[in-house]
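Data block below; observations after.
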Amino acid sequence: KIKVPLPPIHPTLNYSDQRSDYEFEHLVLHTISMQNNWHKDNPTVISRMTFDANLQLNMKLLPGGKYLIASIRDDSYHFFIALYYLDHPGPHALAKCQTQFEVYQLQAKYMKYKNKHVLMIAYMSWGKPAK
C-alpha cells in the first residue's frame, strides 16, 4: 500500500489512450521509490534540481507536477510572475511577466477559456500607484 499521496494528474492526459499507461506507471514507480527512500534511516539523494528564480515570494505547483508558477522579486525590487517547466531535461523558465506590485494569494489552474484549454492565473496585489 502506498502511504504517500500521488500528485494529481494533469487534465490534458487522455486516460483512454494506451500511451498514457506509461505516465501512470512512471508516476506510481516514482512514488514507491520515493516512499522507500524517505523511510530509510539515512535517505539517499538521488538527484537534485536547482534553478535561479531570484527571490521567491510565493509558489504554486500545478496539477501533474510539471509546471510551477512563482511570484518573484529581483534585486532591484521589480516584481514578476514566472512560469517554470520542471520536467526533463531540467527546470527552466517558460515565461515571465512583470507586475506593478508584489503578488499575494497566487492561484493557478487549468480551465477552458474561449473553447481552448489554458492555464489561468489569478492573484491579488495592492500598493500605491506610481505618479
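So, of the residues in region 87-107 that are in contact with a Phe, Trp or Tyr (Cβ under 7 Å, 6 or more places away or on another chain) and open to solvent by less than 40 Å² (accessible area, probe 1.4 Å), which turns out to be farthest from Ser71 (Cα to Cα)?
Pro91
I need a count of the residues in region 108-131 that are among the aromatic types (Phe, Trp, Tyr) and open to solvent by less than 70 Å² (accessible area, probe 1.4 Å).
From region 108-131, those among the aromatic types (Phe, Trp, Tyr) are 110, 113, 123, 126; that's our starting set.
Add one more test, that the residue is open to solvent by less than 70 Å² (accessible area, probe 1.4 Å), and what stays is 110.
Total satisfying the criteria: 1.
So the check is Cβ under 6 Å with 6+ separation or different chains; which pairs have a first residue in region 77-101 that's over 20 Å from Pro63 (Cβ atoms) and free of Cβ contacts under 8 Å to residues at least 60 places away in the same chain and a second one that's loosely packed, with under 12 Cβ neighbours inside 10 Å and of a type outside the set (Val, Ile, Thr)?
Correct list of pairs: Phe80/Gln98; Phe101/Gly127.
The values are calculated or read from the model by the stated rules, or taken from the named source; none is laboratory data. What you see is a predicted model, and the numbers here were worked out from it, not measured in a lab. All Cβ positions, glycine included, derive from the backbone under ideal geometry; neighbour counts span all protein chains shown. Ligands, DNA and RNA are stripped out before the accessible areas are found, and what is left, the full protein with its side chains, is counted by its heavy atoms. Shrake-Rupley method; radii C 1.70, N 1.55, O 1.52, S 1.80 Å.
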